[in-house]
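Colleague: Once you've had a glance at the structure underneath, I'll fire off some questions.
The values are calculated or read from the model by the stated rules, or taken from the named source; none is laboratory data. The structure presented is a predicted model; accordingly, all values stated were derived computationally and were not measured. No Cβ is skipped: glycine too gets one built from the backbone with ideal geometry, and neighbour counts run over all protein chains shown.
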Amino acid sequence: MAHDSLYTAPPSGAVAGRERGRLAGLRGALGSWDAAIVAGLAVVVLLASVSVPNFATGRNAQFLLLDLVPLALLALPMTLIVITGEIDLSVASMVGLGSTLMGQMWLSSGLSLELICVLVVLSGALLGAVNGVFVTGFGLPSLAVTIGTLALYRGLSFVVLGDQAVADFPADWTDAVVQPIPGTSIPVMVVPVLLLALVFGVVLHATPVGRALYAMGNNGEAATFAGVSVARTKFWLFVASGAVCGLVGVFWTLRYASARGDNATGLELTVVTAVLLGGVSIFGGRGGLLGVVAGVLLLGVLRNALQLADVDANALTIVTGTLLIASVVLPHAVADVRARLHRRRQRAQLTAS
Amino acid sequence: MSLTDTGVTERIANTSPPDAGRPRRRLTERLLAVRELSLLLALGALILVTMLHNDRFLSSQSIKDLLLGCAILVILAVGQTLVIITRNVDLSVGSILGLVAFATGELFLAAPGTPWPAALLLGVALGAVCGAVNGGLIAVAKVPALVITLGTLYAFRGIDYYWAAGQQINAADMPRSFLRLGNQTLLGVPVLFLVALVVVAAAGFYLHSYRSGRELYAIGSEPAAARLSGVPVGRRVFAVFVASGALAGLAGVLYAARFGTLDAAAGTGLELQVVAAAVVGGVAIFGGSGSVFGAALGAVLLTTIGSSLAVLRIDPFWQQAVVGALILAAIGLDRLLAARMAARLRGRSARGA
């Protein structure tokens, strides 16, 4: 992506290759980072349910999952975009603009709410298409473009509704999105999230398009020569990202029964954090959806548990930041140490023989 | 999208002189290629239009407000420019500013007699320490600055919240002499703005005339080539992050002096505004090109837009949207000029000139 590797990966390629050969059976199945993050998630859940009162209750699980729905949804297209080596920082602003569009339409157009929801998702796709045109059509860096549209869309969302809030959505709609599945404490909204995750997962891991995404992330030029239409694929990824943002805008509005210009402000950085925590390389070309889903859950569970343990909500950002840094520093440190050990062993063998 | 391509062509665009005298180059295009000039033109046009609407816009009081308003953003933009030129980015400046501003307030609470120069030095030192954390992590982990500074954005802000624990510091808690620093004028120019001018001049001179300053451009153009030609890339990048942190620390102290009332949220979201100022100012997001003068003008332009919208009676909600559109226009213009320049250079080398 953006900041091209100023510090290239440590010179352990050959070593890693041999290592992989030895442990292929174990590691090929899961991918070491995916496994680590899932294990970390399990440990955190276990620890929290033992030590934090009220954590392992159905009611808490319901709120935890409900709070994670926007993050999980936004992380899906973001994963694919980052894998191609691009980034979309405008997601939270698109959610905000979708939310205010919904509010304004409900306030003044007299359309039915079903139609409004569809229109909001479509306008989200349109906003994403604008990103896509700038990035693929004009060949501009996505980091700069989406910082621009981050400001533009957030500004427009204030233009649409000013500083007022629309809150008079019908109660049966606002209740419906927070309902649990009958007989359980799992919110209904988890179902569409899982379905979408399945769709994105299949596209990424089981189709030629998905393989092409990795190819362009690793080397866009080579992918072009291999017959992948890089620009068109990236364009549609940005469109998909916009459409999902529109969907999240609808959900956000109904969940909090309020359409405001500042909805979801700052969420883009959390989404990027979750994706990187899930093991996706910011350079593109590496990562998987399972890791990202686990990353989203880990982020959510940790924050929820600490909040229940009476840690100030704002101070919790220390956890987010530290997790992100640890998730990128640790693998490098481990690879470094391993490479050094291997070299030492080789030297020892040489002197022995 | 080919990233290296962008960097190269943009660099060509800004190092124009060799064929500057050629008659075939149209005047407008030549003027546009000097970003500082086109920014000044835009700024002039904006001020003119606003003044025609309301001639009090250029009263000494409103100019003073304008200069006061942009001083902090200018200082941050200078630090950001140093970082971006080396093909990195520092997203943590807003959090460093907030942390240092709060620390300054705490310092005066704990030791009311502290002379303000001591507070200033301590603030800059704290900022430099934060910058050293960024630079050190980037050097150790060998991952892009975007990821690390995204992490420290959260971490520093979290420390700030943890420390503040909901407490607020008021102007009454700070010595008069310190607060005067934030509002005093020298020959009608706010001291704050003079500080910013000194910072811009010093950084501009350093980048232009010092060997290590030129090396920053070399690093940003092509890190691998810079390393091969003997530039101590790691050390320079570390130093750049320390400098960016120190400038953010300086901005934090000035923020405290200017506003007096402080809580842990000071400077939230400032990082994107700073990056926007640099990008509008013609600093290429992929490094190797741009100047601190351009970035400073970008910061002034962004601030001026805010106040002229108010004078022009345009809904203030449009401000952010205009800023976003401006970013897109700036990078689009860069791209266009770079493409034309590249075409011309190709044509000339084909003719064997």
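Colleague: Report, by residue number, each residue of segment B:189-248 that is β-branched (V, I, T) and under 22 Å from B:L97 (Cβ atoms).
Modeller: B:V191, B:V195, B:V198, B:V199, B:V200, B:V237, B:V240, B:V242 - these are the residues of segment B:189-248 that are β-branched (V, I, T) and under 22 Å from B:L97 (Cβ atoms).
Colleague: Report yes if A:L152 is under 22 Å from B:D90 (Cα atoms), of a type outside the set (D, E, K, R), surrounded by fewer than 24 Cβ atoms within 10 Å (Cβ to Cβ) and at pLDDT 85 or above, otherwise no.
Modeller: Taking the combined requirement at face value, the residue does not satisfy it.
Colleague: Kindly check whether there is at least one residue in segment A:244-264 that is assigned to a loop (DSSP other than H, G, I, E, B) and free of Cβ contacts under 8 Å to residues at least 60 places away in the same chain.
Modeller: Taking every residue of segment A:244-264 in turn, at least one turns out to be assigned to a loop (DSSP other than H, G, I, E, B) and free of Cβ contacts under 8 Å to residues at least 60 places away in the same chain.
Colleague: Also: In contact with a Lys or Arg (Cβ under 9 Å, 6 or more places away or on another chain) and surrounded by 15 or more Cβ atoms within 10 Å (Cβ to Cβ): is that true of B:G182 in this structure?
Modeller: Yes: the conditions hold for B:G182.
Colleague: If you scan segment B:156-178, which residues turn out to be away from chain A (no Cβ under 14 Å) and among the polar types (S, T, N, Q)?
Modeller: B:N170, B:S177
Colleague: So A:F134 fits all but one of (1) buried (at least 24 other Cβ atoms within 10 Å of the Cβ); (2) within 9 Å of chain B (Cβ to nearest Cβ); (3) touching a Leu at 6+ places or on another chain (Cβ under 6 Å); what number is the exception?
Modeller: If we test A:F134 against (1) buried (at least 24 other Cβ atoms within 10 Å of the Cβ); (2) within 9 Å of chain B (Cβ to nearest Cβ); (3) touching a Leu at 6+ places or on another chain (Cβ under 6 Å), just (1) comes out false.
Colleague: For the condition more than 9 Å from chain A (Cβ to nearest Cβ) and assigned to a helix (DSSP H, G or I), what is the one hit in B:L137, B:L181, B:L153, B:L146?
Modeller: B:L181
Colleague: Moving on. Quick one: would you say B:L120 is more than 7 Å from chain A (Cβ to nearest Cβ) and at pLDDT 85 or above?
Modeller: yes
Colleague: Further question: Of all residues in segment B:299-341 being in contact with a Phe, Trp or Tyr (Cβ under 9 Å, 6 or more places away or on another chain) and within 18 Å of A:G132 (Cα to Cα), which is farthest from the other protein chains (Cβ to nearest Cβ)?
Modeller: Result: B:L336.
Let's see how each residue does on (1) over 30 Å from B:D173 (Cβ atoms); (2) out of contact with any Leu (no Cβ under 9 Å at 6 or more places or on another chain); (3) not acidic (D, E):
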site	(1), (2), (3)
B:P223	yes, no, yes
B:S229	yes, yes, yes
B:V237	yes, no, yes
B:A251	no, no, yes
B:Y255	no, no, yes
B:G269	no, yes, yes
B:L272	yes, no, yes
B:S291	yes, no, yes
B:A296	yes, no, yes
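Colleague: Let me ask something else. Please state which of the following conditions A:G279 fails to meet, knowing it meets all the rest: (1) out of contact with any Asp or Glu (no Cβ under 8 Å at 6 or more places or on another chain); (2) closer than 17 Å to B:P144 by Cβ; (3) in a loop (DSSP other than H, G, I, E, B).
Modeller: (1)
Colleague: Condition first: crowded, with 16+ Cβ neighbours inside 10 Å, touching a residue at least 12 places away in the same chain (Cβ under 8 Å) and of a type in the set (G, A, S). Now tell me which residues in segment A:155-188 satisfy that.
Modeller: A:S157, A:A165
Colleague: Condition check: part of a helix (DSSP H, G or I), at pLDDT below 90 and farther than 21 Å from A:T317 by Cα. Does B:P112 satisfy that?
Modeller: Against the criterion (part of a helix (DSSP H, G or I), at pLDDT below 90 and farther than 21 Å from A:T317 by Cα), B:P112 does not qualify.
Colleague: Could you check segment A:297-336 and list, in sequence order, the residues that are farther than 22 Å from B:W163 by Cβ and modelled with pLDDT under 80?
Modeller: A:S327, A:V328, A:L330, A:P331, A:H332, A:A333, A:V334, A:A335, A:D336
Colleague: Please go through (1) within 14 Å of chain B (Cβ to nearest Cβ); (2) surrounded by fewer than 13 Cβ atoms within 10 Å (Cβ to Cβ) for A:V230 and return the number of the only condition it doesn't satisfy.
Modeller: Unmet condition: (2).
Colleague: Filter segment A:253-278 down to the residues that are surrounded by 24 or more Cβ atoms within 10 Å (Cβ to Cβ) and small (G, A, S), then identify the one that is nearest to the other protein chains (Cβ to nearest Cβ).
Modeller: My answer is A:G261.
Colleague: If you don't mind, another one. So which of A:L302, A:L297 ends up being more than 12 Å from chain B (Cβ to nearest Cβ), touching a residue at least 60 places away in the same chain (Cβ under 8 Å), surrounded by fewer than 22 Cβ atoms within 10 Å (Cβ to Cβ) and outside any loop (DSSP other than H, G, I, E, B)?
Modeller: A:L302
Colleague: Here's another thing I want to ask about it. So which residues in segment B:227-271 are among the small types (G, A, S) and without any contact (Cβ under 8 Å) to a residue 12 or more places away in the chain?
Modeller: If the condition is that a residue be among the small types (G, A, S) and without any contact (Cβ under 8 Å) to a residue 12 or more places away in the chain, then B:S229, B:G230 are the ones that fit.
Colleague: Is it true that some residue in segment A:109-122 is over 23 Å from B:A325 (Cα atoms), in a helix (DSSP H, G or I), touching a Lys or Arg at 6+ places or on another chain (Cβ under 9 Å) and of a type in the set (D, E)?
Modeller: no
Colleague: For B:L153, are the conditions met, namely being over 30 Å from A:V275 (Cα atoms) and either aromatic (F, W, Y) or surrounded by 15 or more Cβ atoms within 10 Å (Cβ to Cβ) (or both)?
Modeller: Here the answer is no, as B:L153 does not meet what is asked.
Colleague: Picking from B:V253, B:V200, B:V233, which residue would you name as being under 20 Å from B:A295 (Cα atoms) and not polar (S, T, N, Q)?
Modeller: Answer to the selection: B:V200.
Colleague: Of the residues that make up segment A:48-58, is at least one buried (at least 18 other Cβ atoms within 10 Å of the Cβ) and out of contact with any helix residue (DSSP H, G or I) (no Cβ under 7 Å at 6 or more places or on another chain)?
Modeller: Checked segment A:48-58: no residue is buried (at least 18 other Cβ atoms within 10 Å of the Cβ) and out of contact with any helix residue (DSSP H, G or I) (no Cβ under 7 Å at 6 or more places or on another chain).
Colleague: Between residues in segment B:319-342 that are in a helix (DSSP H, G or I) and residues that are among the charged types (D, E, K, R) and surrounded by 23 or more Cβ atoms within 10 Å (Cβ to Cβ), which pairs lie under 7 Å by C-beta distance while being six or more apart or on different chains?
Modeller: Here the result reads B:Q320/A:R154; B:D334/B:E10; B:A338/B:E10, each pair linking segment B:319-342 to a residue that is among the charged types (D, E, K, R) and surrounded by 23 or more Cβ atoms within 10 Å (Cβ to Cβ).
Colleague: Can you confirm whether segment A:160-178 contains a residue that is within 17 Å of A:S99 (Cα to Cα), in a helix (DSSP H, G or I) and within 14 Å of another protein chain (Cβ to nearest Cβ)?
Modeller: yes
Colleague: Output yes when any residue across segment B:78-92 is away from chain A (no Cβ under 14 Å) and within 22 Å of B:R258 (Cα to Cα), and no when none is.
Modeller: Checked against the condition, which is being away from chain A (no Cβ under 14 Å) and within 22 Å of B:R258 (Cα to Cα), segment B:78-92 yields at least one hit.
Colleague: Another question, if that's okay. Given (1) out of contact with any Pro (no Cβ under 7 Å at 6 or more places or on another chain); (2) touching a residue at least 60 places away in the same chain (Cβ under 8 Å); (3) within 14 Å of chain B (Cβ to nearest Cβ), identify the lone condition not met by A:T224.
Modeller: (2)
Colleague: Considering only segment A:307-345, state which residues are more than 9 Å from chain B (Cβ to nearest Cβ) and loosely packed, with under 11 Cβ neighbours inside 10 Å.
Modeller: Once the filter is applied, which keeps residues that are more than 9 Å from chain B (Cβ to nearest Cβ) and loosely packed, with under 11 Cβ neighbours inside 10 Å, segment A:307-345 yields A:D310, A:V337, A:R344, A:R345.
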